[in-house]
Structure formats: C-alpha cells, structure tokens
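Chemist: What follows is a single structure, and I will ask about it in a moment.
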Amino acid sequence: MDSKQQRAGTWGGESVASPPSRGDIVFDKAFRGIAFGFAALTVVVLGWVVMEIGAKAVPAVRHYGFGLLTSVDWDVNKQLFGILPQIWGTLYSSLLALVLGGFFGVTIAIFITQDFLPHGVAVVLKNIIELLAAIPSVVYGLWGIYVLIPILHPLADLLHNTFGWIPFFSTALMGPGLFPAALVLAIMILPTVAAVSQDAFRAIPHKTKEAAYGMGTTRWEAILRVMLPTASGGIFGALVLGFGRALGETMALAMLVGNANKISLSLFSPANTLAALLALNFPEAGTVEIEVLMFAAIVLLVITLVVNILGQWIITHSQPGRGKR
C-alpha cells in the first residue's frame, strides 16, 4: 500500500473507515436486542424465584415472627424453630474458608504470574488448581470424613489440651466439626480465587513492573508495594466470588460440619449452616417445616445478595480516581 492510499485510508480500493452498512446496523440492533432480552429475562427469573420462595415463607413469618432469626431451638416435634445457629455457622465457616482459601489462592496467583516458576511447571500447576473445581462436592465430603478428620485429630487434641482456655480451642474434635468443614470449603473456593487473581495480575501492564525495578525495588518489594495494590480491585473481586461460593455450598458442609444447632467460637465444635439445613430437612419436612425452611432460604439469598452488593461497592470505590468523580 503506497502513501497516497494510507493518507486516503483505503485498501484495495475500499475505504477502511467506511460507514456501517445496512446489514451491520441491523445486526448490531438485533444483537443489542437479544442481549437486553436475556438480561431482562435474568432479572425476571430471579424476581420470580424470590417471589415464589417468599410467598411460601410468609405463613412462617406470620406465625413465628422474625424471632426465627434470634431463636436457637430447632425441634420439629415441639414446633420450635430458630435459625440463628445456622446463620452463625454459615458466616463463620465461610469466613474461615475465605481466610485460608483467599491467602493460598492469591499466593498461588503470585507464584504463577510473577515468574517464580518455569513456564512448564506454572502451566501444570495452573491446570491442577483448575481441576479442583471439577471435583464433585460429595467427593470432597467423603475425603473430609475418611482422610482429613483422622489427620486433624492429633493436632486438634494437642491444641485443645494445651490451649483449651482459648475460646477457639475450647472443645475437642469428636468427629465432624467446623474446622474440617472450613478446610474443605477453602479447597473448594481455591480455584476461583486463584484464577481470578491471576487474571488481575496479568492485566497489569508489564511496564509497571519494569518501572518498579527501575526505581531500585527488589522482586518482593515490587510485588507487595506495586503489583498487589494495582491488582487489589481484581483480587478483592476474586475474594467476593469465593465468599459467595462458600456461602451457598451444601453437600460437603452437610457431611462435615456436624449439623448441631449451637453457637460456639471453637473451631472443633460441630455447627450447622443454612444450606445444610435446607438439604437435610426438606425430604421429610411437613407443611409448617417447609414454610420455615423457605424463610431460611430467603435469609440465605439476602446474605448472599448483601455480600455481593457490598463487594461490588468496595471494588468500584477502590479504583484510583473513582472517589473524585
């Protein structure tokens, strides 16, 4: 292509910057309409699900009131229902899993993306981490019961006997409990946190790292003081996604958490979660119990929604220059 064609913006006699054709306009409008339609359908389906569950939960709210949120009793025979222990267990186990899974997920992302490993080893490790997401929840539960809990018993006994005066170790690990459930949950959210964190690090321009090295920083100074703050928005998004996954996990928690309606800070105490409560009680639930379980489902939806909205708000306002607009 000669200089005249470059100045004219043509290639082979056709204008590169020509206006869109009629077909392009029709395709664009059709694509926009389909995308908007699916987005609206998603909102409608979500609203329909919430309305259906909420309608079935209304009788329980009328009969028991919002005392369901503060009561600790769950006795079907006496028609006593309370979901405060399940709310506590859901939040406690999810936070523990987020601390463990978040730390190791971000660490793995750093080692894969910051040239600590040879390229081939990094690719293999990345694929192994991603394969963890393909393992069924029930398999994690079985592994936790037959492998993880026996391994944890000696450590749990040592911590309880030595530091039993600390609330976190005040009870012994007798079988399923909060800590084994949180460990398995951490492994389950690890692929999500690691994958999204890797994308956040890879989105940073390479010149940013070069500029940090040019200022005389070491590798770890560049990672901790430059790369991590720059990728903080994406990393926090990964943590929010992992936390949301942990809140809704069902089968592994139902098998490992112990299903005891009690509130305790002890890591080795059995507990319960909202998702496990729903999974274990629905098959044999009567009319009144189903209404209460529907109320528990609404509470779980609200918790998940609040976590995601809060996370999105923090991500938006943590971006540089966002708060000045």
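The values are calculated or read from the model by the stated rules, or taken from the named source; none is laboratory data. Computed from a predicted model, the values in this text were never measured in an experiment. Glycine also receives a Cβ, built like all others from the backbone with ideal geometry; neighbour counts cover every protein chain displayed. Accessible surface areas use protein heavy atoms only, side chains included; no ligands, DNA or RNA. Shrake-Rupley method; radii C 1.70, N 1.55, O 1.52, S 1.80 Å.
Chemist: Could you please give the count of residues in segment 249-287 that are over 16 Å from Leu95 (Cβ atoms), open to solvent by less than 30 Å² (accessible area, probe 1.4 Å) and in a loop (DSSP other than H, G, I, E, B)?
Modeler: Residues flagged as over 16 Å from Leu95 (Cβ atoms), open to solvent by less than 30 Å² (accessible area, probe 1.4 Å) and in a loop (DSSP other than H, G, I, E, B) within segment 249-287 amount to 3.
The rows are residues; the columns are (1) of a type in the set (A, V, I, L, M); (2) within 23 Å of Ile135 (Cα to Cα); (3) modelled with pLDDT of 85 or more.
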{"position": "Val196", "(1), (2), (3)": "yes, yes, yes"}
{"position": "Ala200", "(1), (2), (3)": "yes, no, yes"}
{"position": "His206", "(1), (2), (3)": "no, no, no"}
{"position": "Phe236", "(1), (2), (3)": "no, no, yes"}
{"position": "Leu239", "(1), (2), (3)": "yes, yes, yes"}
{"position": "Leu247", "(1), (2), (3)": "yes, yes, yes"}
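Chemist: Would you check which residues across segment 74-126 are open to solvent by 50 Å² or more (accessible area, probe 1.4 Å), among the aliphatic types (A, V, I, L, M) and more than 21 Å from Phe295 (Cβ to Cβ) and list them?
Modeler: Leu95, Val99, Leu100, Leu117, Val121, Val123, Val124, Leu125
Conditions tested, residue by residue: (1) open to solvent by 60 Å² or more (accessible area, probe 1.4 Å); (2) among the β-branched types (Val, Ile, Thr); (3) at pLDDT 80 or above; (4) not in a helix (DSSP H, G or I).
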{"position": "Ser18", "(1), (2), (3), (4)": "yes, no, no, yes"}
{"position": "Gly23", "(1), (2), (3), (4)": "no, no, no, no"}
{"position": "Lys56", "(1), (2), (3), (4)": "yes, no, yes, no"}
{"position": "Val61", "(1), (2), (3), (4)": "no, yes, yes, no"}
{"position": "Leu68", "(1), (2), (3), (4)": "no, no, yes, no"}
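Chemist: Which residue is nearest to Tyr140 (Cα to Cα), if the candidates are limited to segment 170-182 and must be open to solvent by 40 Å² or more (accessible area, probe 1.4 Å) and of a type in the set (A, V, I, L, M, F, W, C)?
Modeler: Phe179
Chemist: In addition: Being modelled with pLDDT of 90 or more, out of contact with any Gly (no Cβ under 7 Å at 6 or more places or on another chain) and of a type outside the set (Val, Ile, Thr) is true for just one of Leu132, Leu100. Which residue is that?
Modeler: Every option except Leu100 fails the conditions.
Chemist: Moving on. Quick one: how many residues across segment 25-42 are open to solvent by 100 Å² or more (accessible area, probe 1.4 Å) and under 30 Å from Leu300 (Cβ atoms)?
Modeler: Residues in segment 25-42 being open to solvent by 100 Å² or more (accessible area, probe 1.4 Å) and under 30 Å from Leu300 (Cβ atoms): 2 in total.
Chemist: Output yes when any residue across segment 196-218 is crowded, with 23+ Cβ neighbours inside 10 Å and among the hydroxyl-bearing types (Ser, Thr, Tyr), and no when none is.
Modeler: Yes - at least one qualifying residue is present in segment 196-218.
Chemist: Follow-up. Within segment 150-157, does at least one residue satisfy the condition of being modelled with pLDDT of 85 or more, under 14 Å from Ala97 (Cβ atoms) and either under 27 Å from the mean Cα position of the chain (by Cα) or not small (Gly, Ala, Ser) (or both)?
Modeler: No, there is no match, as no residue in segment 150-157 is modelled with pLDDT of 85 or more, under 14 Å from Ala97 (Cβ atoms) and either under 27 Å from the mean Cα position of the chain (by Cα) or not small (Gly, Ala, Ser) (or both).
Chemist: When you look at Leu46, is it within 24 Å of the chain's Cα centre (by Cα), surrounded by 14 or more Cβ atoms within 10 Å (Cβ to Cβ) and not polar (S, T, N, Q), yes or no?
Modeler: Considered against the rule, which asks whether it is within 24 Å of the chain's Cα centre (by Cα), surrounded by 14 or more Cβ atoms within 10 Å (Cβ to Cβ) and not polar (S, T, N, Q), Leu46 comes out as no.
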